[in-house]
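The values are calculated or read from the model by the stated rules, or taken from the named source; none is laboratory data. Please read all numbers here as calculations on a predicted model, not as lab measurements. A quick note on method: Cβ atoms are made from the backbone with ideal geometry, for glycine too, and the neighbour counts reach across all protein chains shown. SASA here: full protein model, heavy atoms, side chains in, ligands and nucleic acids out. Shrake-Rupley method; radii C 1.70, N 1.55, O 1.52, S 1.80 Å.
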Amino acid sequence: MLNETDEAVRRMQELDDWELVARTRTGDLEAFAVLVRLYQSPVISFCWRMLGSTQDAEDVAQECFVRLHRHIHRLEPRARFSTVLFGIARNLALNFLRDSRRRGRDSAAPLTDADGASEPGALPDQQARLKEIESALEQALAALSADHREVLVLREFQGLDYESIAEVVGCRVGTVRSRLARAREQMRLWLLEKGGDLL
């Protein structure tokens, strides 16, 4: 049987994102904790695919939630909450990439330090092949420019629609479509050149 605290948390999780934002504005820390629980994994995933490092992704995601809390009183429900949150994460990730370039750090490192998922029931040679394919895909993604990588990640990994992506990155829907097409083509060419024997 659920205790009162568990029941309160369950009810809180059923609230709309913007209702949770409104409660956070009144000082309800549990409402903010629910927002973090709902979006922490997708934000870290987005940042990881943008930055190529689990540690950097976690740091940037943490800063994203710090900024969200600090400026929550300014947010207006003109768009989906996820669009606003990914906009914050995107700006922080791009700032991180820019600062990394200034420090001479490679910002397009292959995404190799996250746990690779293996197919349940796959034989060891099949698992090894899946890991090779996954590695090639991650390297192809890392080879994209930040502009192309962000729209591809938001569409293919976060499932945002074109309009939401346009709001997050601050451009027109047509620009999103052309960047996506270009990103997919660049990945296809990279995979043909570098990983053709895997696919």
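Summary of computed values
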| read-out | value |
| --- | --- |
| Nearest-0.05 FRET efficiency for LEU94 and LEU15, computed from C-beta distance (R0 45 Å) | 0.90 |
| Accessible area expressed per residue, the range 126-199, with surrounding protein chains retained (probe 1.4 Å, Å²) | 53 |
| Modelled FRET efficiency - R0 35 Å, THR175 with ALA33, Cβ distances, 0.05 increments | 0.45 |
